[in-house]
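The values are calculated or read from the model by the stated rules, or taken from the named source; none is laboratory data. Fair warning: this is a prediction, and the values are worked out from it, not measured in the lab. Note that we place each Cβ from the backbone using ideal geometry, even for glycine, and neighbour counts take in every protein chain shown.
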Amino acid sequence: MALKGNLRDFSTTQLLNLIHLARKTGSLTIQVPAGVTTLYFREGKLVYASTGSRDGHLASVLARAGKLTEEQAKIIRTRSGTTADKELGMLLISAGHVTQQDIVLSVRGDVLDTVYGLFTWSDGIFHFEPNQLPSDDAITVPIDLENIILEGSRRVKEWERLQDELPNLNVALKFTDRPQAQLRNINLSVDEWRVISYINPRNSIKQIAQRIGMDDFQIRKIIYGLLQAGLVEMVEPEGAPPRRPPSTAMQEIVSGPPAVKRSVIRKLIDRIKRL
């Protein structure tokens, strides 16, 4: 019998605990405002995940993990057509583009990113269908739920703190001109570089997240880190209607930036040369 309900009454943590303890096999579909996500389990272990909020093609998964460039992924997606992930994975390994471990770790990381995003939602419809598994062509990676539940619970607490620090995602960002922002001394992840490539006073944080396919938790965490490192500062989005700030302090935060005359990448290159 299928299990149905709302996350208001039965949280993601409770659902995963139930599946883990009962060693369930089947699919859990959760529909939230950000889209629909489906998790697949075999005997109480998470084996696969898909979400409508981002591209699940293997080439895209490998690009997000930094194993392929965006250009390589684009070419592979175009040429592979309807080739199944397992077959495509074998072709990429044979061609020397990636290793088997690259694929396994990339798929695992993508599945974890998908499920962790669900912990921050407190309202949404869920539906568990017993014995339903992904297609045989999908690359599955068994993952124990104990650590997922622990990490998810930790992220809920971190999410609450990040919401306090960055309550508004409709603000934009610009790069600071402070000399202590030493880019060459900071190790940035692939996702952080992807966010940086979109930083522009014309793009709000919310728009950046939508273009990259990140949820609110992921984008808040990265932006908070960039703010703390002194690399960026918050500004009012260019072209936005003027608003009356609630305080003098807020006026300083949302004051409009100068016109951008160069691309973000050009600006980054120039800054690195000056270091």
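Scanning the stretch 126-150 for residues that are in contact (Cβ under 8 Å) with a residue 12 or more places away in the chain and farther than 30 Å from ALA84 by Cβ returns GLU146, ILE149. Considering the stretch 1-29, the residues that are touching a Leu at 6+ places or on another chain (Cβ under 9 Å) and in a strand (DSSP E or B) include one that is surrounded by the fewest Cβ atoms within 10 Å (Cβ to Cβ), namely GLY5.
From the list LYS206, LYS267, LYS261, the one residue that fits, being modelled with pLDDT of 90 or more and surrounded by fewer than 17 Cβ atoms within 10 Å (Cβ to Cβ), is LYS206. Given the condition polar (S, T, N, Q), at pLDDT below 85 and either out of contact with any Leu (no Cβ under 7 Å at 6 or more places or on another chain) or on the phi < 0 side of the Ramachandran plot (or both), answer yes or no: does some residue in the stretch 97-106 qualify? No. Of all residues in the stretch 39-56, which are within 16 Å of the chain's Cα centre (by Cα) and free of Cβ contacts under 8 Å to residues at least 60 places away in the same chain? Selection gives GLY52, GLY56.
For the stretch 57-66, the criterion of a residue being over 30 Å from LYS157 (Cα atoms), in contact (Cβ under 8 Å) with a residue 24 or more places away in the chain and crowded, with 18+ Cβ neighbours inside 10 Å is satisfied by at least one position. Check the stretch 110-118 and report whether any residue there is in contact (Cβ under 8 Å) with a residue 60 or more places away in the chain, surrounded by 15 or more Cβ atoms within 10 Å (Cβ to Cβ) and either more than 27 Å from ILE219 (Cα to Cα) or of a type in the set (Gly, Ala, Ser) (or both). Yes, the conditions are met somewhere in the stretch 110-118. Please enumerate the residues belonging to the stretch 30-44 that are at pLDDT 90 or above and either surrounded by fewer than 20 Cβ atoms within 10 Å (Cβ to Cβ) or part of a loop (DSSP other than H, G, I, E, B) (or both). The answer is GLN31, VAL36, THR38, ARG42, GLU43, GLY44.
Under the condition of being part of a helix (DSSP H, G or I) and within 13 Å of the chain's Cα centre (by Cα), the residues counted in the stretch 206-235 number 14.
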